[in-house]
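The values are calculated or read from the model by the stated rules, or taken from the named source; none is laboratory data. Because the structure is a prediction, the values reported are computed rather than measured. Cβ placement follows ideal geometry from the backbone for every residue including glycine, while neighbour counts extend to all protein chains displayed.
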Amino acid sequence: MIPGVCGRTAHLGSLSIVNVSLSAVVQLGDHGNYTPRVRAIAVQRQVDHTLGGEAEFAAYPIFWRPFPNLSAPAVCLTKEQVCERIHVGSISVIGVGSSSLLQAGNGSCMQAESRIKHIRQFQAPLQAPAGPV
């Protein structure tokens, strides 16, 4: 048991999720620390992969620059768990992804980070359409 987290059981009437991906978590009940991380390079190429060259994380500052320091004012919180169970009627979700959390319960600490670089590589420069649009 993690100090400060009571470890309750979650009771759900129904749960419907289409997709959970990219370091995402579905948590039913209480949890302590949650620190998901995603680093991805999404490349769409016009030229075959073997001819287009490789994409390296170190080539893009988004992957190595420091994460911004987000400071929040101190909050004093007092809570009392009067019930050992969490009751939820129904949850319906299309997608949970990229370092996100779907939770029915209490969380102690969460620090999520998702860094994705989208690249489109074309063989020749794109030309604007002729005439008015």
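Let's see how each residue does on (1) modelled with pLDDT of 85 or more; (2) among the charged types (D, E, K, R); (3) surrounded by 10 or more Cβ atoms within 10 Å (Cβ to Cβ); (4) touching a Gly at 6+ places or on another chain (Cβ under 6 Å):
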| site | (1), (2), (3), (4) |
| --- | --- |
| 64 | yes, no, yes, no |
| 86 | no, no, yes, yes |
| 91 | yes, no, yes, no |
| 102 | yes, no, yes, no |
| 105 | no, no, yes, yes |
| 123 | no, no, no, no |
| 129 | no, no, no, no |
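How many residues are at pLDDT 85 or above and closer than 30 Å to residue 104 by Cα if we restrict to the stretch 34-53?
Adding up the residues that qualify gives 6.
Looking at (1) farther than 30 Å from residue 9 by Cβ; (2) among the charged types (D, E, K, R); (3) modelled with pLDDT under 80, which is the one condition that is false for residue 56?
Of everything listed in (1) farther than 30 Å from residue 9 by Cβ; (2) among the charged types (D, E, K, R); (3) modelled with pLDDT under 80, residue 56 misses just condition (3).
Please note which strands (runs of 3 or more DSSP E) are completely contained in the stretch 70-112 and include at least 1 residues that are more than 17 Å from residue 17 (Cβ to Cβ). Talk me through it step by step, then tell me what you get.
Numbers: elements: 85-96, 101-104, 107-110.
In the stretch 70-112, 85-96, 107-110 are the strands (runs of 3 or more DSSP E) which contain 1 or more residues that are more than 17 Å from residue 17 (Cβ to Cβ).
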